[in-house]
Amino acid sequence: MPDCLFCAIATGDIPATIVLDGKRTIAFRDISPQAPTHVLVIPRDHFADVAALAGAGDGLLEELVSQAHRVAVAEGIDGSGYRIVFNTGREGGQTVSHAHAHVLGGRPMTWPPG
Ligand code: 5GP
Ligand code: ZN
């Protein structure tokens, strides 16, 4: 998708700190971390949001969630616990229209989030 920031990160046109590089997904550090671990996991292909990704129906969403767990293991926070967030739409706080999971951890997560 032209002019999509996360498509450009997926192709390597825009640099990011890669945590895990998968065939259909890629995980990289958020530029503005909200927790000691704050990693974004995205599909390489463009989907506007998590609902569109779920609608693809080919196991890609499941793969993305599994990859999010592998990020937590790699970061050493699978035991202490972590949060997976899909911000969706304007009031959901989604600012980048390319589906992404936030993996947050390394500190106690408050609820509700601010
Ligand atoms: P959203 O607000 O859409 O749920 O999440 C978008 C996330 O992308 C934000 O947490 C923001 O900090 C992060 N972000 C925005 N621009 C960049 C960038 O150029 N590189 C990286 N690594 N993260 C970015
Ligand atoms: Zn995109």
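The values are calculated or read from the model by the stated rules, or taken from the named source; none is laboratory data. In this text, all values refer to a predicted model and were calculated from it rather than measured experimentally. With ideal geometry, Cβ positions are generated from the backbone for all residues, glycine too; neighbour counts draw on all protein chains shown. Accessible surface is based on the protein model in full, side chains and every heavy atom, while ligands, DNA and RNA are left aside. Shrake-Rupley method; radii C 1.70, N 1.55, O 1.52, S 1.80 Å.
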- Extending each Cα 7 Å along its Cβ direction at A51 and L5, get the distance between those two points in nm, one decimal. 2.2 nm
- Message: Whole angstrom only: what separates the Cα centroid of segment 5-31 from the Cα centroid of segment 64-114?
- Response: 16 Å
- Item | Protection proxy ranking of 82-94, 25-37, 63-75 - average other beta-carbon atoms within 10 Å, highest first | 63-75, 25-37, 82-94
- Query: Using a 1.4 Å probe on the protein chains only, how many percent of the accessible area of the chain belongs to carbon and sulfur?
  - Reply: 54 percent
- Message: I'd like the FRET efficiency for R44 and R107, computed as 1/(1 + (r/R0)^6) with the beta carbon distance as r and R0 of 41 Å, rounded to 0.05.
- Response: 0.85
- Query: Got a sec to turn the phi values of segment 57-68 into Karplus ³J(HN,Hα) couplings, 6.51 cos²θ - 1.76 cosθ + 1.60 with θ = phi - 60°, whole Hz, x for Gly and Pro?
  - Reply: x, 10, x, 5, 5, 4, 4, 5, 5, 4, 5, 4
- Return a whole-number percent for the relative contact order of segment 20-114, with Cα pairs under 8 Å and 6 or more residues apart as the contact set. 36 percent
- For the chain, with every protein chain kept in place, what is the accessible area per residue (1.4 Å probe, Å²)? 57 Å²
